[in-house]
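Read-outs: derived from the displayed coordinates by stated rules, not from any lab. Since the structure is predicted, the reported quantities are computational estimates derived from the model, not experimental observations. Positions of Cβ are generated from backbone atoms using ideal geometry, with glycine treated the same way; all protein chains shown enter the neighbour counts.
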Amino acid sequence: MSDIQHDTKTSIKMQPNLDRRDFLSKSSIGLAGLTIAPGLMLFDMAHGKAPGDEVSNKVRWGMLIDNNQCESGCNDCVTACNTENGLATPTKPTDAQWIRKVQLKDNLTHKVSSLPMMCQHCEHPPCVDVCPTQASFKRADGIVLVDKHICIGCRYCVMACPYQARSFVHEVLTDQKTEVPRGKGTVESCTLCVHRIDKGETTACAEACSKAGHNAILFGDLNDPESAISKRIRSVTSTQIRSDLGLNTGVRYEGI
Amino acid sequence: MSSASLSRNESRNFYILAALGVFVVFLGYLGMHQMEEHGHIVSGMNNQIVWGLPHVFAIFMIVAASGVLNVGSIGTVFGQAPYKIRTPLAAVIAVGLLSGGLAVLMLDLGRPDRIIVAATHFNPTSVFAWNIFLYSGFFGLAIVYLWTSMEKRMYVWSKPAGFAMFAWRVILTSGTGLIFAFLVVRQAYASALLPPMFIVLSFAWGMAVFLLVQAAMFAWNCKTIDPAILRRMKNLLGLFVISSLYLVAAYHMTNLYFAKQTGFELFILRDGGIYPQLFWGGYVILGSLVPLALLYLPGVGNKSVVAASALVIVGSFALLYVFIIGGQAYPLSIFPGHEVSSSFGDGAIGKYVPSLPELLLGSGGLAIAYLITLIGTRVLNTMPQDVTVVAAKNDA
Amino acid sequence: MKMGIRLTAVILSLLVSTALFAADKPQSPRLDIGKGGQCVEDPKLMRKIHMDRLKHQRDETMHKGIRGQKHSLADCVECHASTKTNSVLGSNEAFCQGCHTYAAVKLDCFECHTSKRKVTAEARK
């Protein structure tokens, strides 16, 4: 644009066809934008990881749970998780629970609240330290998983988890979800919906909570300073449960 | 067993005893099969109490295996002649106990068919992975130890083998304590006292098992143990029982001083129902104080030693039940300063009722230890020949 | 003695030739190959090494998050599940169960993985 100003100042005869130049530059920028935009949108969610790509530690997945927004009677996150992962509604103490609502009552103030509790996807997971076969492992992008192919079912990780996040499968299972294999004799816990994340989607619990209008669960990339979760963590006070253990959890809580 | 000729009666009795052992092993197989076929749903375990009765049996056997070898170590490492001649017997019992304990542990896994995976994938930070090496090494060293103690031309190697065995045992038993000590979040376990506590417990339990087997062997051979040697051994058992009591007391007393641990301690020591009953009645009174009375009050003969040893073993099961299952029953403190409840047992005491398959599996492990000891002592010359030791002493 | 050696030689050669003769006949079970069509690899090769391919793929998926590859188990099931029962198990003609029962090799995959193809909501109607 400064070219045009310069041109009008020097010579009127030398004026180029600015309309065409303008049109070309605008349309090429628009075209470039159109090409990049879908990738940018996915990038926001999955940092450009297509299903066939390898995960990297450039990304660290996490969740921020707002205790102030979490409603005491609501179990939508639990129901969504169970449906997504093929878990039966728990009735016995041997049934697996990947996420649960915990009802809290402060001993001093007697204030009552509830919040969802699941695997905290620690940076220094005790379950990974104690697993004899390295079945319990932390993926490059921060998700703590159980490799059921090599899990021998010793339950040491269940003993080691500070959050009681792990469950042992006590009985024969059938009709598992295709994306969520589960079997008798292995240990399991919240996978942060890894099968959904790898496709660029969000976790089932976060989705259900937004659908219910509470918006208490926010999922995103903790390593990306521009993600919604990073921005929120910078603006509000949030804490990790049992932060005294120094595990640097990926799941943080606001309002407790 | 004895170098005397085998009478028909003796042979028949041996086969009856062996058959009994095989029968109990078979029962153990039945229990294991139930769990493998249907999953742990047939056991009393759940997602709050994931280690149940089989672990109580297994850890007793593994700790006692290490402790039984101590009898041999006192001879080889500390140069005490009456103990040195008991090394072969100790080694045989140790191999039996470790086999039984490992069998129970491995068969209680959710996927026992994946033992090969455990043996080929190692996590360097996991005590369970270390144990694969430590337990295999224990077997190998025990057999070497046995060999150097029984083969004349290998006697010269028995001291190095004994030292190696002693060191290996200390590491292995500390490892058993570390399994629990590394569980930082569990109020029952995160304590540096546990490795030494398990070492001392191993001395006591190993000596008790040894005294029982020894009494059985001498009775079978219609011999009596030299009173002086028996007195030394029973005094040692008493010393180990007192030391164990001391460490258990130290563990609980230090715990009581931590405000955050008080809830757990009161649960175990006073409010927890079955757990305080087993701790005080089972371990402290039946398993420690009564045996001490039997061992130290005047008029102790052979029978008192046997009764005391048996009671120490009963007490050990009680202590392990409280330690392993009581330790899991008490809820984790995830939200300190809050009262919590959930569908997953948060804030609630875990419920556990031992089931028949678990009891059968554990008993099967004991039967394996029994069978190996029975056959090993029959096949090998493990009977302690006290006559030579006493004679040598009298000559000196 | 010589007679004994001769007899052994005759019997041995009979056994070996029978075995060789029998090896020519295809004895593998008749399988319901589901949707059929072109397999991702040569079937003869797959019979030999499908377990290695699956094992490699499982580690790639589990630890590196690489999905939708050629040797994905879910895709195998998608193609090979019987069109009648939608499963690779259930009878000795079923794709996976047939050969595994014949060869007496325990199938571990379907302790955890579903043996059924994903049936979409529309297809169910």
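Couple of notes before you dig in:
- Annotation: extensible slack from residue B:239 through residue B:122 equals 38.2 nm (criterion: 0.36 nm per residue apart, minus Cα-Cα distance).
- Among B:324, A:156, B:13 - extreme Cα towards positive end, dipole of the protein assembly as shown, charges at beta-carbon: B:13
- For chain B, adding -39500 (n - 2.57) for each run of n ≥ 4 DSSP H residues and dividing by the number of residues yields -22000 deg cm²/dmol at 222 nm.
- Counting only DSSP H runs of at least 4 residues, each contributing -39500 (n - 2.57), and dividing by the residue count of chain C, the helix-based mean residue ellipticity at 222 nm comes to -17000 deg cm²/dmol.
- Nearest-20 debye value, the protein assembly as shown charge dipole, Cβ charges on Lys, Arg, Asp, Glu: 1640
- Directionally averaged projected area (the protein assembly as shown, Cα convex hull): 54.3 nm².
- Using a Förster distance of 25 Å, the FRET efficiency for residue B:339-residue A:245 (Cβ separation, nearest 0.05): 0.75
- Shielding of peptide C:67-76 by partners, expressed as the average count of other chain Cβ atoms within 10 Å per residue Cβ, is 2.
- Just checking the listed ones, C:103, C:81, C:94: in the Gaussian network model of chain C with Cα springs under 10 Å, the one fluctuating most is C:103.
- Backbone phi angles across segment B:65-72, fed through the Karplus curve with coefficients 6.51, -1.76 and 1.60 (θ = phi - 60°), yield HN-Hα couplings of 4, 5, x, 5, 5, 4, 4, x Hz in residue order; Gly and Pro are listed as x.
- Each Cα pair under 8 Å and six or more residues apart adds its sequence gap; the mean of these over the residue count of segment B:270-396 is a relative contact order of 18 percent.
- Restricting the calculation to Cα atoms, every distinct pair contributes to the Kirkwood radius of segment C:30-120, found to be 13.5 Å.
- Net charge of Cβ neighbours under 13 Å - reference residue A:158; Lys, Arg +1; Asp, Glu -1: +2
- Inter-chain Cβ neighbour count for A:129-140, averaged per residue, equals 6 (cutoff 10 Å, partner chain atoms only).
- Using C-alpha pairs below 8 Å separated by at least 6 residues, the relative contact order for chain B is 32 percent.
- Positive minus negative residues near residue A:124 (Lys, Arg vs Asp, Glu; Cβ under 15 Å): +1
- Shape class of segment B:98-242 from the Cα gyration tensor (axes a ≥ b ≥ c, square roots of the eigenvalues): prolate, since a/c reaches 1.5 or more and a/b is larger than b/c.
- Euclidean distance between Cα centres, segment A:182-256 to segment B:263-291, Å: 43
- Phi-based couplings in Hz for segment B:270-277 (Karplus 6.51, -1.76, 1.60; Gly and Pro marked x): 9, 9, x, x, 4, 5, x, 4
- Filtered GluC sites (Glu not before Pro), segment C:32-118: DSSP coil and at most 16 other beta carbons within 10 Å: C:41, C:93
- Stokes-Einstein D for segment B:188-307, Kirkwood Rh over Cα pairs, 10 °C, 1.306 mPa s (µm²/s): 100
- Among residues other than residue B:179 with Cβ under 13 Å from its Cβ, the summed charge is +1 (Lys and Arg +1, Asp and Glu -1).
- Take B:251-261, B:365-375 and order them by the average number of nearby Cβ atoms within 10 Å per residue, most first; the result is B:365-375, B:251-261.
- Here the ratio of the Cα radius of gyration of chain B to 2.2 N^0.38 Å is 1.01.
- Per-residue HN-Hα couplings for segment C:40-55 [Karplus 6.51, -1.76, 1.60; θ = phi - 60°; Hz; x = Gly/Pro]: 5, 9, 5, x, 4, 5, 4, 4, 7, 10, 4, 5, 5, 4, 5, 5
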